[in-house]
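Just so it is clear, none of the values below were taken in a lab; they were calculated from the coordinates. Since we're looking at a predicted model, the values are computed, not measured. Positions of Cβ are backbone-derived with ideal geometry, glycine not excepted, and every protein chain shown enters the neighbour counts.
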Amino acid sequence: MQLVPTMVKFVVEYGKDTEPPSADGRLDAPSFHRNHDPIWSAIAGFLANRTGDVLEIGSGTGQHAVTFARRSPQLTWWPSDIFPSHLDSITAWRRHEDLANLRAPQRIDLGVSDWTWRADGHTGKALAAILCINVLHISTWRVSQNLFQGASRLLRPSGHLFIYGPFMRDGTHTAPSNAAFDAALRAENPEWGVRDIRDLRTLADKASLSLVEMTPMPANNLVLVFSRALRQN
């Protein structure tokens, strides 16, 4: 009997690639229920006793922003996305949870090199942290470049960039499942794919960021923590 390879699935737009929204507009990401606690465990220590603003890039359904804002009331969370359907879902989750420190979502496109963020209609001040979950492998390399360039501009000294997803290490996949996932991504779009930590560190070096921690996650994913260096006098 010949075995038929299992189709590797991935989500780009929730509600289109997953179940439609609920009656009040909220979308649900199945992966959120598996990964939000491990991700929080990896980043919580870096956010403890910090105040200021955290920008999430590619917030998707909005569930991570809602959950993490609830767990860190001393921080102000700013979700963002590129898809109107995701922005609607984030708005619905925000309305449902009614958290004082979770702001309205804004459209941010990392395909634009000079992207920035806004706070209440004005250019946002320096950020305590930027969070990016499951974005880099379903976007072009230019998006990765622009993420690090933007982090260099927008993070305050000692601010952090958190990136979650699957990654290669020195040209090698960390598991056969990640290799299959990478092949499926590149079949969908040759400019997508699982990024190599070595290449991201090169971008970080150019942006005056340092990789300070790598935390293994379920399903052969990682959380990468990059820190912006303090300015030298």
Mean separation of Cα contacts under 8 Å, 6 or more apart, over the residue count of segment 33-228: relative contact order %: 19 percent
FRET E, pair LEU211, ALA23, Förster distance 45 Å, beta-carbon r, rounded to 0.05: 0.55
Nonlocal amide H pairs with TRP117, under 5 Å, H built at 1.01 Å: GLY124
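Taking the beta-carbon count within 10 Å as an exposure proxy, list ARG26, ARG186 from fewest neighbours to most.
On the way: ARG26 21, ARG186 14.
Fewest-to-most ranking of ARG26, ARG186: ARG186, ARG26.
Ranking VAL54, VAL212 by Cβ neighbours within 10 Å, fewest first, what do you get? Before the final figure, lay out each step's value.
Numbers: VAL54 25, VAL212 11.
Going from sparsest to densest Cβ surroundings: VAL212, VAL54.
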Placed amide H near ILE133: partners under 5 Å, 5+ positions off or other chain: ILE57, TYR164
For LEU155, distant residues with modelled amide H under 5 Å away: LEU127
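If R₀ is 22 angstrom, what is the calculated FRET efficiency for the pair VAL112 and GLU13, using the beta carbon separation as r and rounding to 0.05? Walk me through the numbers before you get to the answer.
Values: r = 19 Å, r/R0 = 0.87.
That gives a FRET efficiency of 0.70.
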Separation of the ALA180 and HIS122 label points, Cα + 7 Å toward Cβ, nm: 5.3 nm
Distance between segment 115-156 and segment 91-108 - C-alpha centres, whole angstrom: 18 Å
Proximal aspartates and glutamates to LYS16, defined as alpha-carbon separation beneath 13 angstrom and excluding residues fewer than eight positions away on the same chain: ASP28
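For GLU191 and ALA104, compute 0.36 nm times the residue count separating them, minus their Cα-Cα distance, and round to one decimal in nm. All intermediate terms of the calculation are to be shown ahead of the outcome.
Details: separation 87, 0.36 × 87 = 31.32 nm, distance 3.10 nm.
In short, 28.2 nm is gained.
Could you tell me whether segment 8-88 comes out rounded, prolate or oblate from its Cα gyration tensor? Rule is a ≥ b ≥ c as square roots of the eigenvalues, rounded for a/c under 1.5, then prolate if a/b exceeds b/c, otherwise oblate. Show your work: numbers first, answer last.
Values: a/c = 2.28, a/b = 1.71, b/c = 1.34.
Because a/c hits 1.5 or more and a/b exceeds b/c, segment 8-88 counts as prolate.
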